[in-house]
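The structure under discussion appears below in the form of structure tokens.
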Amino acid sequence: MAIILAIESSCDETSASVCIDGKIVSNIIANQTIHQNYGGVVPELASRVHQQNIIPTVHHALNEANVNKNQLHAIAFTRGPGLLGSLLVGVSFAKSFALGLNIPLIEVNHIQAHVLAHFIAPKNMPNYTPPPFPFLCLTVSGGHTQIVLVKNHFDMQIIGQTLDDAAGEAFDKTAKILGLPYPGGPLIDKYAQMGQQTYAFTEPNIPELNFSFSGLKTAILYFINDNIKKNPDFLKQNIHNICASVQGRIVSILLNKLKKAAQLYQINHIAIAGGVSANSGLRQALHIEAQNNNWKVYIPDLNYCTDNAAMIAIAGYFKYLNHDFVGQNISPLPRMSF
Ligand code: KG4
Ligand code: ZN
């Protein structure tokens with residue numbers, strides 16, 4: 001039997017999860033609302049709030065799982081990538097807890113964990129089968145946009161990535177231009193569902209399987225400024241259609257590269273992961289592409305799209321099975337790669 005406690009603190013969510021033999025039994029997420037006042041995550045404030053949240057969050061996760069700390073077999077934690085001050089809180093907590101309990105420590109790469117969220121069986125699907133290897137995963141978050149060739153649980157190759165902003169950043173920066181609060185992605189998604197794609201933003205011509213979103217952001221800024229000059233109420237009157245148009249373009253940029261990758265690698269098991277995989281437009285468009293291209297698509301449960309410790313726990317479980325542990329000399333890696 002393996003009972004693993006996992007800690008996630010790479011950005012602005014403090015999360016703890018308990019996993020028993022590969023099954024997630026609790027996943028507690030403490031969101032930080034303080035950043036809304038600043039239009040983005042303030043690293044110093046994020047680490048301070050992690051400090052306040054970490055112990056109650058772990059308590060909550062253990063209680064909900066009905067597990068006593070002395071029953072734990074290992075502690076998994078996010079080593080990176082992420083904000084140094086935020087990571088430090090989770091890493092230090094994990095190290096001390098493992099030392100106190102005299103149990104092994106397991107390091108997890110946050111981006112690999114987003115992909116491995118597909119190995120968590122959703123609560124209402126007891127017969128769930130995860131994607132078979134190899135599969136392609138479009139990982140889209142606030143910090144990353146990658147197409148990953150997943151050959152095994154920990155053998156992943158990035159075959160395409162953004163050259164500038166991440167897809168989540170494109171949502172969040174657009175939201176800021178539109179005067180919407182941080183994080184803007186979920187709100188753009190909500191408004192997009194009430195609008196039509198009436199405005200055409202150009203799709204950038206980027207080689208191979210790579211992406212670029214910075215041009216789109218600039219185009220949106222000019223478009224809004226030009227129109228506000230003609231009609232000061234332009235934003236207020238057209239916010240739903242603007243959101244639908246921006247979201248439609250971001251989704252088409254992502255899916256066109258994903259189609260190219262699937263053709264190039266002759267793979268039809270296609271997954272999406274990361275915070276932006278919660279986007280309803282992306283989820284819908286992926287289902288349509290699945291029909292058009294004979295893909296089998298894997299879309300994570302909404303609980304496991306944005307940052308959470310359950311994905312760290314499942315990654316930790318696979319590493320536990322391999323006896324892949326780290327020592328007390330481990331430190332966070334803000335730019336951790338794989
Ligand atoms: O994976 P995540 O929680 O954190 C990182 O590792 O970055 O992703 C956060 C990103 C933010 O940019 C947020 O705006 C975006 O995911 N996001 C969405 C939606 N939900 C979260 N973007 C578009 N539509 C959504 N429904
Ligand atoms: Zn993430």
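The values are calculated or read from the model by the stated rules, or taken from the named source; none is laboratory data. This is a predicted model, so every value here is computed, not measured. As a convention, Cβ positions derive from the backbone with ideal geometry for all residues, glycine included, and neighbour counts pool all protein chains shown. Accessible surface is based on the protein model in full, side chains and every heavy atom, while ligands, DNA and RNA are left aside. Shrake-Rupley method; radii C 1.70, N 1.55, O 1.52, S 1.80 Å.
Does segment 124-135 contain any residue that is open to solvent by 10 Å² or more (accessible area, probe 1.4 Å) and over 25 Å from Ile270 (Cα atoms)? Scanning segment 124-135 turns up no residue that is open to solvent by 10 Å² or more (accessible area, probe 1.4 Å) and over 25 Å from Ile270 (Cα atoms). For segment 84-120, the candidate set comprises residues that are assigned to a loop (DSSP other than H, G, I, E, B) and open to solvent by less than 60 Å² (accessible area, probe 1.4 Å); within that set, the residue that is nearest to Gln71 (Cα to Cα) is Ile103.
Every listed requirement among (1) buried (at least 20 other Cβ atoms within 10 Å of the Cβ); (2) touching a helix residue (DSSP H, G or I) at 6+ places or on another chain (Cβ under 9 Å); (3) under 21 Å from Leu116 (Cβ atoms) is met by Ala65 save one, (2). Working only within segment 222-236, note down all residues that are open to solvent by 70 Å² or more (accessible area, probe 1.4 Å) and in a helix (DSSP H, G or I). Answer for segment 222-236, where residues must be open to solvent by 70 Å² or more (accessible area, probe 1.4 Å) and in a helix (DSSP H, G or I): Tyr222, Asn225, Asp226, Lys229, Lys230, Lys236.
For segment 154-163, give me the residue count where each residue is closer than 26 Å to Gly39 by Cβ, assigned to a loop (DSSP other than H, G, I, E, B) and either free of Cβ contacts under 8 Å to residues at least 12 places away in the same chain or open to solvent by less than 60 Å² (accessible area, probe 1.4 Å) (or both).
Step one: of segment 154-163, the residues closer than 26 Å to Gly39 by Cβ are 161-163.
With assigned to a loop (DSSP other than H, G, I, E, B) added as a condition, the list becomes 163.
Then keep just the ones that are either free of Cβ contacts under 8 Å to residues at least 12 places away in the same chain or open to solvent by less than 60 Å² (accessible area, probe 1.4 Å) (or both); that gives none.
Adding up the residues that qualify gives 0.
Counting only residues that are open to solvent by less than 30 Å² (accessible area, probe 1.4 Å), assigned to a helix (DSSP H, G or I) and of a type in the set (Gly, Ala, Ser), segment 178-221 holds 3 of them.
If I ask for residues that are in a loop (DSSP other than H, G, I, E, B) and closer than 22 Å to Gly248 by Cα, which ones from segment 135-153 would you list? Those that are in a loop (DSSP other than H, G, I, E, B) and closer than 22 Å to Gly248 by Cα: Ser141, Gly142, Gly143, His144. Residue-level check: of (1) within 16 Å of ligand 2 (Cβ to nearest atom); (2) open to solvent by 60 Å² or more (accessible area, probe 1.4 Å), Gly143 misses just (2). Within segment 289-328, the only residue that satisfies the criterion of being more than 16 Å from ligand 1 (Cβ to nearest atom), of a type in the set (Gly, Ala, Ser) and in a loop (DSSP other than H, G, I, E, B) is Gly327.
Is it true that some residue in segment 68-88 is at pLDDT below 95, under 30 Å from Met125 (Cα atoms) and of a type in the set (S, T, N, Q)?
Within segment 68-88, the subset at pLDDT below 95 is none.
No - not one qualifying residue is present in segment 68-88.
Just one of the numbered conditions (1) modelled with pLDDT of 95 or more; (2) within 12 Å of ligand 1 (Cβ to nearest atom) is not true of Gly142: (1).
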